[in-house]
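Everything below concerns the one structure shown next.
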Amino acid sequence: MKQDSVISKRAFTLIETIISLSIVSVLFVGLSGAVMIGSFALPTPTDSGIVDRTVIDSLNLFRNDLKQASVIQYRAAASDIEFTLTMKNAGEAGQKNSIVYRYTDSTNSFGRKADSETAVTLFENISGFTMQFITEGTDISVVKGLIVVKGTIQPTFEIHAILPDKPEFN
């Protein structure tokens, strides 16, 4: 007696595999396009970091100018705060005579104007601005400040400038 040795093997055929792979690849192409479009809609940490870097660089410029001043005049009005710095080596080649920094509450901006140049806005979106001066008689020895800027990774920025030449304070 002869035995029929038919063994049933269940498997996918080559055609079924090719068709399913082509369907999956079309789905992946469609989904990757949607993911790429969605990724451009969100701001990246690098974009937000640019604003932080601008604020830090502007405050460093302010600190350096404070250290080069021989006289610092401070004026606070209802809507703005102004610092007029008379520079030590005024009149020398490339040296400014006076630099004016202004915080304007109505525009929430901090700007700089040197001599007869046009005023430049250094950064905006300020929601808090405070400065403190430590004086010795009529001279300033330390300037401390706290600035809160919206739209940055680090919302609070601090400035601390020790003034070794102790400029006159008006």
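Any idea how many residues of segment 102-111 are among the hydroxyl-bearing types (Ser, Thr, Tyr), outside any strand (DSSP E or B) and within 19 Å of the chain's Cα centre (by Cα)? Show your work before the answer.
Of all residues in segment 102-111, those among the hydroxyl-bearing types (Ser, Thr, Tyr) come to 103-104, 106-107, 109.
Keeping just the survivors that are outside any strand (DSSP E or B) gives 106-107.
Next, only the ones that are within 19 Å of the chain's Cα centre (by Cα) stay: 107.
Adding up the residues that qualify gives 1.
Considering only segment 88-95, I want to know if a residue exists there that is assigned to a strand (DSSP E or B) and polar (S, T, N, Q).
Within segment 88-95, the subset assigned to a strand (DSSP E or B) is none.
Among the residues of segment 88-95, not one is assigned to a strand (DSSP E or B) and polar (S, T, N, Q), which makes the answer no.
Within segment 30-45, does at least one residue satisfy the condition of being among the β-branched types (Val, Ile, Thr), modelled with pLDDT under 85 and surrounded by 10 or more Cβ atoms within 10 Å (Cβ to Cβ)? Reasoning before the result, please.
We begin by selecting, within segment 30-45, every residue among the β-branched types (Val, Ile, Thr); these are 35, 37, 44.
With the extra rule that they be modelled with pLDDT under 85, the set shrinks to 35, 37, 44.
In the following step, the residues that additionally are surrounded by 10 or more Cβ atoms within 10 Å (Cβ to Cβ) were identified as 44.
The answer is yes; a qualifying residue exists.
Filter segment 66-89 for residues that are loosely packed, with under 14 Cβ neighbours inside 10 Å and small (Gly, Ala, Ser); which is nearest to residue 163 (Cα to Cα)?
76
The values are calculated or read from the model by the stated rules, or taken from the named source; none is laboratory data. All of these numbers come straight from a predicted model, not from anything done at the bench. Because the Cβ atoms are built from the backbone with ideal geometry, glycine has one as well, and the counts that use them run over all protein chains shown.
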